[in-house]
Amino acid sequence: MTRQRGRPAQGAGLSRDDILTAALALLDENGGQGLSMRALAARLSVTPMSLYHHVQDRAGLLRALSDRVYGGVLEGVDKQADQRAEIQAILIRYHNAVGCHPHLTLAIFATPEAFAGVTRQITDRLTGLLANLTNEPHLWRDILIDHAHGSGLPLVAAKAQSMQEHYRLALNRLLDHLEA
């Protein structure tokens, strides 16, 4: 069976949005090892080369997925007088995004060049906020983000509201110690 270059079997054009939707589904279903350009092309019924018109490489694909998944973390979180509340809002949103697509977070860990765009903006924003609260903003940023990862990654299995509430309580405890 011969595939047309760059076109799905149904004859519709291939879009970046189609690619990202299919890539996220592959990642959620099979983890980071299951997301390859060949597997993605097969899912979309196109040749692998046709994907490169929309994404530079696998790291570029992960950056685009990261921007899509984590893009809402900073939306609507305006600079607030209460910096703790701003930090908390960002981290809770980030924790929820990690819990929804944990394999994306793990894939980014395995592909450092994928760390850019929105993930970098989140990190920079937290570092700036923490610099106003502590003399060790990088250390506390790493502690708080690692805590979000550590408690967000298991959410894929549990999907439990109680785990999200447990995260909020633990985050409050960490922030209490930061302020002390």
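The values are calculated or read from the model by the stated rules, or taken from the named source; none is laboratory data. Just so you know, these numbers come straight off a predicted model, no measurement behind them. Glycine also receives a Cβ, built like all others from the backbone with ideal geometry; neighbour counts cover every protein chain displayed.
Brief remarks on what is shown
- Which listed residue, of S50, S66, is more than 19 Å from D146 (Cβ to Cβ) and of a type outside the set (F, W, Y): S50
- Of the set (1) surrounded by 15 or more Cβ atoms within 10 Å (Cβ to Cβ); (2) touching a residue at least 40 places away in the same chain (Cβ under 8 Å); (3) part of a helix (DSSP H, G or I); (4) not basic (K, R), all apply to V46 but (3).
- Restricting the stretch 66-95 to residues that are assigned to a helix (DSSP H, G or I) and under 10 Å from the mean Cα position of the chain (by Cα), the residue that is nearest to L153 (Cα to Cα): H95
- Subset of the stretch 123-151 [more than 15 Å from Q83 (Cβ to Cβ) and in contact with a Phe, Trp or Tyr (Cβ under 9 Å, 6 or more places away or on another chain)]: T123, I145, H147, A148, H149, S151
- Qualifying positions in the stretch 33-66 - closer than 19 Å to A110 by Cα and of a type in the set (S, T, Y): S36, S66
Residues are listed down the side, and each one gets a yes or a no for (1) among the polar types (S, T, N, Q); (2) at pLDDT below 90; (3) in contact with an Asp or Glu (Cβ under 6 Å, 6 or more places away or on another chain); (4) closer than 19 Å to S66 by Cα:
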site: Q121; (1), (2), (3), (4): yes, no, no, yes
site: A131; (1), (2), (3), (4): no, no, no, no
site: H138; (1), (2), (3), (4): no, no, no, no
site: D142; (1), (2), (3), (4): no, no, no, yes
site: I145; (1), (2), (3), (4): no, no, no, yes
site: S162; (1), (2), (3), (4): yes, yes, no, no
site: H166; (1), (2), (3), (4): no, yes, no, no
